[in-house]
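Read-outs: derived from the displayed coordinates by stated rules, not from any lab. Bear in mind the structure is a predicted one, so any value in this text is a computation, not a measurement. Because the Cβ atoms are built from the backbone with ideal geometry, glycine has one as well, and the counts that use them run over all protein chains shown.
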Amino acid sequence: MQNDLLHWTPEHQKRFTRDNLLFTHDLHTSDLFSDEALIALIDRFPREGVEVFTMGYDPTNWKQWFFGRRSHKDGSDLDGRQLMEGVRAGRLWLNLRKVNHHDPLVGALCDRMFEEITAKTGISTLKPDLGLLISSPNGHVFYHLDIPLVMLWQIRGVKTVYLYPPQAPCVGDAALEGIALRESDEQMPFDPAYDRLAYVHDLKPGEMLTWVQNAPHRIVNRDMVNVSLSIEFMTPKAIWRANLIYANGLLRRFFGLKPSLANRNVWLEPFKIAYARAIKLLGGYKGNKSPLKPSFHLDASRPGEILFDEGVTPPERPSAPIAAE
């Protein structure tokens, strides 16, 4: 019989998916996440599944989140070892998407996670998506939210996680609907004043943080390489909420109504869910979210060096620390 991956308490079992919860685990001791194992994983991973980002320094300027290429200007790909060197030396954020669908060992680990969650809580989970994040010292992710539920398992390094309530002023109904309808990216304008409402935690190796659905959050790495597992998933209640947000967005945009999650008419919700599903079956709402467009290359001979495309303004390093971080 296998040991549990997470260290559960009765409160964890009772409040899972209903509140922000901090767990401990032992995955940070696994050989799956050593440097050599990560290099090998990157090298065998589908090329298009390895996303490379860099970012500016001001947490309020979310437009300085740049999507790049894992290649040099001559078109040759950087291999796993070069990418890891670039992470250590530069300001990169690697995201290996849907690792559970591409790697048998990680896939088995993901299956085990969700079997354990169901056994401990009785909650059915759906659509698991495990992303592997490998990121540079002092890198950060801008203020954003996700439509699914999320777990963040810390494997290496320390990062400060800021969690905000999924309601005004941190996020309004129209902005939340825009993300569900794919009108916009998950990033949103950030006001440092929101920090007074935040739950803040320095997430360390051997810890896992999960939060309420749609909670806005931002992340700041400490001065060290970070390795994390970011796992999105759904439950029947989470899918209901996602469809409700989708329907509210349609009603606002098509009929000029002003629905609100804070003032829900429970008896109307089954009709809204049916409406959302019908629109999706007909092809869905055509949001205007643009696909990610690469804006930089990497330099194979200089680890961490960013070669921005012509016309892209590189972010300036601040002369003093940004107060909001």
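Projecting the Cα atoms of L149, L244, V200 onto the charge dipole of the chain, computed from C-beta unit charges around the Cα centre, puts L244 farthest toward the positive end.
Normalising by residue count, region 237-283 has a Cα convex hull of 72 Å³ per residue. Helical runs (DSSP H, four residues minimum) scored at -39500 (n - 2.57) apiece and divided by the length of the chain put the mean residue ellipticity at 222 nm at -8500 deg cm²/dmol.
When every Cα-Cα distance of region 1-70 is counted in 10 angstrom steps from zero, the calculated P(r) takes the values 14, 23, 28, 31, 4 percent. Listed by chain and number, the aspartates and glutamates placed with their C-alpha closer than 14 angstrom to that of K73 are D299, E305, D309, E310; residues fewer than eight positions away on the same chain are left out.
Taking 23 Å as the straight-line reach from the Cα of K159, the lysines in range (excluding those fewer than 8 positions away in the same chain) are K63, K98, K204.
Any idea what diffusion coefficient region 20-111 gets from Stokes-Einstein, in µm²/s, Kirkwood Rh on alpha carbon pairs, 25 °C, 0.890 mPa s? In µm²/s, the coefficient is 163.
Pairs of Cα atoms nearer than 8 Å and 6+ residues apart set the relative contact order; for region 237-283 it is 46 percent. Taking the Cβ of V158 as the center, what net charge do the other residues with Cβ under 10 Å away carry, scoring Lys and Arg +1 and Asp and Glu -1? The answer is +1.
Each residue, H201 and L105, gets one label point 7 Å from its Cα in the Cβ direction; the gap between the two is 2.8 nm. Applying both filters, DSSP loop and at most 16 other Cβ atoms within 10 Å, to the chymotrypsin sites (Phe, Trp or Tyr not before Pro) of region 178-209 eliminates every site.
Straight-line cross-link partners of K120 among the aspartates and glutamates, defined as a Cα under 15 Å from its Cα and at least 8 positions apart when in the same chain: D4, E11, D111. With neighbour counts taken as other beta-carbon atoms within 10 Å, the residues L32, L181, L126 rank, fewest first, as L126, L32, L181. Computed on the Cα trace of region 154-289, the radius of gyration divided by the Kirkwood hydrodynamic radius gives Rg/Rh = 1.02.
Arranged from fewest to most other beta-carbon atoms within 10 Å of their beta carbon, D35, D58, D19 become D19, D35, D58. Max-minus-min Cα coordinates of the chain on each principal axis give 62, 56, 41 Å, with the largest extent listed first. Around the Cα centre of region 220-282, unit charges on the Cβ atoms of Lys, Arg, Asp and Glu (plus for the first two, minus for the last two) sum to a dipole of about 300 debye.
Legend: calculated FRET efficiency, R182 to K73, from the Cβ-Cβ distance at R0 = 35 Å, rounded to 0.05, equals 0.65. With coordinates expressed along the principal axes, the C-alpha atoms belonging to region 95-168 extend over 34, 32, 19 Å, beginning with the largest.
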